[in-house]
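**Student:** Sharing a structure below in structure tokens format, with a few things to ask.
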Amino acid sequence: MTSVSVTRTITVDPDAAWGEIRSVGGLERWVPIVQTCEVEGSGVGAVRKCGLGEGAFVFEKVEAIDEAQRVFTYSITESPLPLVDYVGRMQVGPGADGGSEITWSCEFSCDAAAEAEMTAMLEGAFSDGLAGLQSELN
């Protein structure tokens, strides 16, 4: 398994950041790679259909929402990307000066030839998404 993790402190109250993350939908507002986001269901078991453009979609299933620890866990069930057994996790904690420290991480498998490319792509998407969350909530 390959692991990717990006941690960023943003100047947004942890309750507000957690509220946006746990809401399941709306990724198109703050994750630049996501152009559309449709949600079927709610809470654990909900499925997000994220449009990446040019007819490409990633389907994600909500696996867990831990309110006490502020941890959101999801899996990718279908994707054009060469990712297998992908499980993502977002955790919100208190940051400096009333802000939030957010860690967006994942584990996945893929062909060795694609590992470096997928790792770089995911690190970029996570970093851009956390910057977008800062912008969306300020």
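**Student:** Residue check, Ala120 against (1) in contact (Cβ under 8 Å) with a residue 12 or more places away in the chain; (2) not in a strand (DSSP E or B), all met but one. Which one?
**Tutor:** (1)
**Student:** Same structure, new question: Working only within region 75-116, note down all residues that are among the polar types (S, T, N, Q) and under 20 Å from Cys50 (Cα atoms).
**Tutor:** Across region 75-116, the qualifying residues are Ser75, Thr77, Ser79, Ser105.
**Student:** Same structure again: When region 80-108 is examined, which residues are found to be touching a Pro at 6+ places or on another chain (Cβ under 9 Å) and surrounded by fewer than 14 Cβ atoms within 10 Å (Cβ to Cβ)?
**Tutor:** Within region 80-108, Pro94, Gly98 meet the criteria.
**Student:** How about region 1-12: which of its residues are farther than 11 Å from Glu136 by Cα, in a loop (DSSP other than H, G, I, E, B) and of a type in the set (A, V, I, L, M)?
**Tutor:** Met1
**Student:** Here's another thing I want to ask about it. If you scan region 126-136, which residues turn out to be of a type outside the set (S, T, N, Q) and either modelled with pLDDT of 95 or more or open to solvent by less than 10 Å² (accessible area, probe 1.4 Å) (or both)?
**Tutor:** Selection gives Phe126, Asp128, Gly129, Leu130, Ala131, Gly132, Leu133.
Condition check ((1) under 13 Å from the mean Cα position of the chain (by Cα); (2) touching a residue at least 24 places away in the same chain (Cβ under 8 Å)) across all residues:
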{"site": "Val12", "(1), (2)": "no, yes"}
{"site": "Cys37", "(1), (2)": "yes, no"}
{"site": "Glu60", "(1), (2)": "yes, yes"}
{"site": "Gly88", "(1), (2)": "yes, yes"}
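**Student:** Take residues that are of a type in the set (S, T, N, Q) and closer than 18 Å to Leu130 by Cα and tell me which of the strands (runs of 3 or more DSSP E) falling wholly in region 61-112 contain 2 or more.
**Tutor:** 100-109
**Student:** If you scan region 37-64, which residues turn out to be more than 21 Å from Leu137 (Cα to Cα), at pLDDT 95 or above and open to solvent by 70 Å² or more (accessible area, probe 1.4 Å)?
**Tutor:** Matches in region 37-64: Glu40, Val44, Phe57, Lys61, Glu63.
**Student:** Residues in region 13-36: is at least one open to solvent by less than 80 Å² (accessible area, probe 1.4 Å), in a strand (DSSP E or B) and not β-branched (Val, Ile, Thr)?
**Tutor:** no
**Student:** Let me ask something else. Given the conditions (1) over 14 Å from the mean Cα position of the chain (by Cα); (2) in a strand (DSSP E or B); (3) of a type outside the set (Lys, Arg), which single one is not true for Gly45?
**Tutor:** Gly45 satisfies every listed condition except (2).
The values are calculated or read from the model by the stated rules, or taken from the named source; none is laboratory data. Predicted model only: the values in this text are computed from it and were never measured. Don't worry about glycine lacking a Cβ; one is built from the backbone with ideal geometry, like all the others, and counts go over all protein chains shown. Accessible surface is based on the protein model in full, side chains and every heavy atom, while ligands, DNA and RNA are left aside. Shrake-Rupley method; radii C 1.70, N 1.55, O 1.52, S 1.80 Å.
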